Protein chains: 2
Amino acid sequence: MPELVHIGVMKKLINSPQDVVLEELEGMEAAHGDRLRINYDPVFIARKDAPIKGKVGLVSGGGSGHEPMHGGYVGKGMLDAACPGQVFTSPTPDQMFEASKAVNGGAGIVHIVKNYTGDVMNFDLAKEMLQTEGIAVESVLTDDDVAVENSLYTAGRRGVGLTVLMEKLLGAAAEQRISLAEIKKLGDLIRSSGRSMGMALTSCTVPHAGKPSFELPEDEIELGIGIHGEPGRHRVKMATADEITEQLMEPILTDLPFKRGDAVLMFVNGMGGTPLIELYIVYRKAAAIAKAHGLKVVRNLVGSYITSLEMAGTSITLLHMNDCLCELWDAPVNTPALRWGI
Amino acid sequence: MPELVHIGVMKKLINSPQDVVLEELEGMEAAHGDRLRINYDPVFIARKDAPIKGKVGLVSGGGSGHEPMHGGYVGKGMLDAACPGQVFTSPTPDQMFEASKAVNGGAGIVHIVKNYTGDVMNFDLAKEMLQTEGIAVESVLTDDDVAVENSLYTAGRRGVGLTVLMEKLLGAAAEQRISLAEIKKLGDLIRSSGRSMGMALTSCTVPHAGKPSFELPEDEIELGIGIHGEPGRHRVKMATADEITEQLMEPILTDLPFKRGDAVLMFVNGMGGTPLIELYIVYRKAAAIAKAHGLKVVRNLVGSYITSLEMAGTSITLLHMNDCLCELWDAPVNTPALRWGI
């Protein structure tokens, strides 16, 4: 039996905080190396069959700790490449630059960027570098979190759950060889059509910090929390799943707004440490609220798809749907974390 | 804002402990009612298109709290029906009886049973009831956990991760209209070809108990834990992911044994509260150990597929594979939790 090492009060399946992302990528390569290529310097994950001639290349990225986003969404029908930063830390422009070049099939590149200051700045720099090389690049932003107007790492609203849906829908569009300009237009439409809000029951611990990102009393929860533990709207005493769901749905419904008769995709997401059994209890109430509001839920997604390490909690995303978006949603996808039809 | 109710120190997205399973099923019906039918008295989840004439009907079940198992595996290419008990409590014989009758397409029924005393006893009773009505029934057991020989709720070894693989593989076989006798034979082969072991970093809280199932000191982990928190082999001080993975792989490799040149499916499972980023770190080491051992990992699965509520931890399952099993693994499946090819 090897010597046992005590790595502090952090109970995580890791070897050392500084190797978490590298070793995760080595694990992804071991598991999915038949379909994905891992580039280690600079770090990015790409489709093994990229670049695909004549197809717009979709590239996303952001801090790690939100798995399966984004690396788990690389594959046919979704992203061409993803750039993982360190945990809760933006990736660098050179990662985005090299990833974009690696998947450039000559039809241009779309960057899908969550609205955090570091991500936006670095993707902007990468875009300039790519344009200097004559590569056409468009950016699509997600800023769907209705909880707060500005936040710890963000000017404007934060990009959260809608990002997963954006990557699926634009991925399907790119697979159909839709042009760069059209994908940009579709991305902007999706951006303006979706809203989210989340909450936390517990905090999470960034490995290199070694202690919880914030303290949450045993009998309190935080509504409107960000995916990095950024402050939300307010802390309240522990409540029932139905009450929590009401308090997430109400700000989403009124913000856009979503109106009687609208068709929507409803996405109930787990923050990482929440069991699926609880997400279905949340979905049950969210679906009832949507029905009472006159919405038609035409598609849905339930599971932990954009997480905050081991945080317990949930977020809800609603997206206006139409026939075109339903068709893109149903299109085949083959990634480690989202797969159907292939 | 509704009145906030303090439901104790349990931080769970639930309304009341006694309604957890019922409300989860209502959520599943709201989300997947196009494909699944929920029967509420007695409780079972069935394919909406069942019974399918001439196809063997596959029925499984067990205590809730292990989601997505089993309800999340009902659908084309996997289970015809699943019977959820209360959390960590066996379902009753009448659930199994009614579920089996509901999906009986005339080619017989196979019960997939994890080796826990209550599950085995109740499935045996249901089998007798079905046989009295002239329905042919076979049972396939899983008892793949190498950790301990007998356990809190088990005579013999516990059935754990192999159950997920069994349900996928037999589901694919049944879809090909393979006969009852052949599916029974295949199930027994799979049973004898797979081994698992798990570990916990933290405990979990059964809703109606309201307190953790067991206490685990802040700097200790438990190796060989069961999926209901049953005692494992031993508690040790917190260790690195690599050390933990070694201590899970070694007993698995030597038990069957798995020998140089063998083809295997490697399944790294999360216990519910473990982020995917950590599961890939475990997979990385497990794959390296398998390679050093001379094994060929021909298929894999990484994610939280058989859980223990919000327990943090992991389990590893290895299954001997051959061309026939690979073909069954790759066959289309369309369930809420496992889907490809459709």
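The values are calculated or read from the model by the stated rules, or taken from the named source; none is laboratory data. Remember, predicted model here, so these are calculated numbers, not experimental data. Using ideal geometry, Cβ is built from the backbone for each residue, glycine included, and neighbour counts are taken over all protein chains shown. For accessibility, only protein heavy atoms count, side chains too; no ligands or nucleic acids. Shrake-Rupley method; radii C 1.70, N 1.55, O 1.52, S 1.80 Å.
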### Query
Taking θ as phi - 60°, what are the ³J(HN,Hα) couplings along region A:158-175 by the Karplus curve (6.51, -1.76, 1.60), each to the nearest whole Hz, with x for Gly and Pro?
7, x, 9, x, 4, 4, 4, 5, 4, 5, 5, 6, 5, x, 5, 5, 4, 4
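When the Cα atoms of region B:194-279 are enclosed in a convex hull and the volume is divided per residue, what value in Å³ results? Display every interim value, and only then the final one.
Values: hull volume 10.1 nm³, N = 86.
Roughly 117 Å³ of hull volume per residue.
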### Query
By what distance, in whole Å, do the Cα atoms of region A:244-293 stretch along each of the three principal axes, largest value first?
33, 17, 17
### Message
Can you work out the Karplus-derived ³J(HN,Hα) for every residue in region B:297-304? Use 6.51 cos²θ - 1.76 cosθ + 1.60 with θ = phi - 60°, whole Hz, and x for glycine or proline.
### Response
7, 9, 8, 8, 8, 10, x, 9
### Query
Which lysines does residue A:11 reach when only Cα atoms under 27 Å apart count, and residues fewer than 8 places away in its own chain are ignored?
A:211, A:237, B:11, B:12, B:211, B:237, B:285
### Query
What average count of beta carbons from other chains do you get within 10 Å of the Cβ of residues in A:240-251?
4
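How much space per residue, in cubic angstrom, does the convex hull of the C-alpha atoms of the protein assembly as shown take up? Walk me through the intermediate numbers first.
Working: hull volume 92.9 nm³, N = 684.
So the per-residue hull volume is 136 Å³.
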### Query
Between copies, how close do the residue A:150 label points come, placed 7 Å along Cα→Cβ, listed in nm from shortest?
6.8
### Query
For region A:117-257, treating each Cα as an identical point scatterer without solvent, what Debye log10 I(q)/I(0) comes out at q = 0.10, 0.14, 0.15, 0.19 1/Å?
-0.44, -0.79, -0.87, -1.16
### Message
So for each of A:67-78, B:208-219 I average, over its residues, the number of other beta carbons within 10 Å; can you give me the resulting order with the highest mean first?
### Response
A:67-78, B:208-219
### Summary
chain B accessible area per residue, 1.4 Å probe, protein heavy atoms, integer Å², reads 33 Å²
### Message
Under 5 Å between amide hydrogens, which residues at least 5 positions from residue A:204 or on another chain qualify, with H placed 1.01 Å from N in the peptide plane?
### Response
A:213, A:214
#### Entry: Mean separation of Cα contacts under 8 Å, 6 or more apart, over the residue count of region B:21-193: relative contact order %
21 percent
### Summary
For residue B:48, counting only aspartates and glutamates whose alpha-carbon sits under 12 Å away and dropping same-chain residues fewer than eight positions off, the answer is B:29, B:34, B:80
### Message
With every protein chain left in place and a probe of 1.4 Å, what is the accessible surface of residue A:329, to the nearest 10 Å²?
### Response
10 Å²
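What's the magnitude of the charge dipole for region A:274-326 around its Cα centre, counting Lys and Arg as +1 and Asp and Glu as -1 at the beta-carbon? Answer in Debye, nearest 20.
On the way: 5 positive and 3 negative charges, 54 e Å.
With Lys and Arg at +1 and Asp and Glu at -1, about 260 debye.
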### Query
Near the amide H of residue A:107, under 5 Å away, which other amide H atoms are found, from residues 5 or more places off or on another chain, if H is placed in the peptide plane?
A:54, A:55, A:57
## Note on the structure
So, for the Cα atoms of region B:96-173, Rg and Dmax in Å stand at 13.4, 39
### Query
By a straight-distance test (C-alpha under 18 Å), which lysines pair with residue A:184 as possible cross-link partners, with residues fewer than eight away in the same chain excluded?
A:55, A:114, A:127, A:168
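What's the local net charge at residue B:274, with K and R +1, D and E -1, over the other residues with C-beta under 12 Å away?
On the way: positive: A:11, A:12; negative: A:67, A:310, B:278, B:310.
Net charge around residue B:274: -2.
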### Query
Carbon and sulfur atoms: what percent of the 1.4 Å accessible area of the protein assembly as shown do they account for?
52 percent
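Out of all DSSP beta bridges in chain B, what portion is antiparallel? Express it as a percent rounded to 5. It would help to have the intermediate numbers written out before the result.
On the way: 32 of 56 bridges.
Given both bridge residues lie in chain B, the antiparallel proportion sits at roughly 55 percent.
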### Task
Collect residues whose amide H, placed 1.01 Å from N in the peptide plane, falls under 5 Å from the amide H of residue A:87; neighbours closer than 5 in sequence don't count.
A:64
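In Å², rounded to the nearest 100, what is the total accessible surface buried by chains A and B against each other with a 1.4 Å probe? Present the calculation step by step, with values, prior to reporting the outcome.
Numbers: alone 14310 and 14270 Å², together 22740 Å².
Counting both chains, the buried surface is close to 5800 Å².
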### Message
Using helices alone, I'd like the mean residue ellipticity at 222 nm for chain B: each DSSP H run of four-plus residues gives -39500 (n - 2.57), total over residue count, nearest 500.
### Response
-10000 deg cm²/dmol
### Peptide-level mean, for B:29-35, of C-beta atoms on other protein chains within 10 Å
5
## Note on the structure
Per residue, the convex hull enclosing the Cα atoms of region B:194-340 spans a volume in Å³ of 112 Å³
### Task
Work out the mean other chain Cβ neighbour count within 10 Å for the residues of B:190-202 and drop it here as an integer.
1
#### Entry: Positive-end residue, chain B charge dipole about Cα centroid, Cβ charges, pick of B:206, B:280, B:322
B:322
#### Entry: Per-residue HN-Hα couplings for region B:246-252 [Karplus 6.51, -1.76, 1.60; θ = phi - 60°; Hz; x = Gly/Pro]
4, 6, 8, 6, 4, x, 5
### Message
How large is the accessible surface of residue A:324 in square angstrom, using a 1.4 angstrom probe and rounding to the nearest 10?
### Response
70 Å²
### Query
If you take the Cα Rg of chain A and divide it by 2.2 N^0.38 Å, with N the number of residues, what do you get?
0.96
### Message
Based on C-alpha coordinates, I'd like the Rg and Dmax of region B:21-193, in Å.
### Response
14.6, 42
### Message
At a threshold of 8 angstrom on Cα-Cα distance, excluding pairs fewer than six apart, so keeping six or more, what relative contact order does chain B reach in percent?
### Response
17 percent
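For region A:194-340, what's the relative contact order in percent, using C-alpha pairs closer than 8 Å and at least 6 residues apart? Intermediate results must be reported in sequence, preceding the final value.
Values: 286 pairs, mean separation 44.0, N = 147.
Across region A:194-340, relative contact order equals 30 percent.
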